[in-house]
Amino acid sequence: MLQTMLHHPSSVRIARSVRRRESAGFSLIEIVAALILTGILAAVSTHRLQNSAAGVLDTAVTTQSLVQELGRMRQLAIRSAEPHGIRFDRTNGKVTSLTFYRRTPVGTTVRVGTARDLPTTMNLITKDTVIEFNTEGSTQAGTAFLVSASKRTWQITVAPLTGIVSLNEV
């Protein structure tokens, strides 16, 4: 009798409908869990992308400002007939801030304005400790240094005879 029940047409229909229901698709809980995980991953990756983009933009703006400040120090040196320059202040070997100064006729240095801290995302690479413009607006030796953030790098060059400052993306 058990065998006849197993092969009975209604038993086969019930078994088929149970199999269909099991393989019919995902449950609501599985779909909600997948959506929550996707949302979390999207939020984390968007936050990282925004931080990276903000760091590059901050460095680009600071680099442009540095080029303008170098030009301003050159102009001040010519106008005031006193050498002006920028000192690169280091912490643990990394340039962390810039100090603008002028050199008096007796040789002492006087700060011009306030020191500027560099963004933590910015990496400024130079072997020089100062860039000083003499009264004609030139420097004793030309210099070039690199500024980088994320995957972008800029080169700032100060020409030795003219003191002209240029900026190029490398």
Linear extension gain, GLN155 paired with ALA141, 0.36 nm per residue minus alpha-carbon span: 3.4 nm
For ALA34 and LEU167 in one chain, what is 0.36 nm times their gap in residues minus the Cα-Cα distance, to one decimal in nm? 43.1 nm
Heavy-atom accessible area of THR91, protein chains in place, probe 1.4 angstrom, given in Å² to nearest 10, is 70 Å²
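The values are calculated or read from the model by the stated rules, or taken from the named source; none is laboratory data. All values derive from a computational prediction rather than experimental measurement. Side chains included, ligands, DNA and RNA excluded: accessible areas come from the protein's heavy atoms. Shrake-Rupley method; radii C 1.70, N 1.55, O 1.52, S 1.80 Å.
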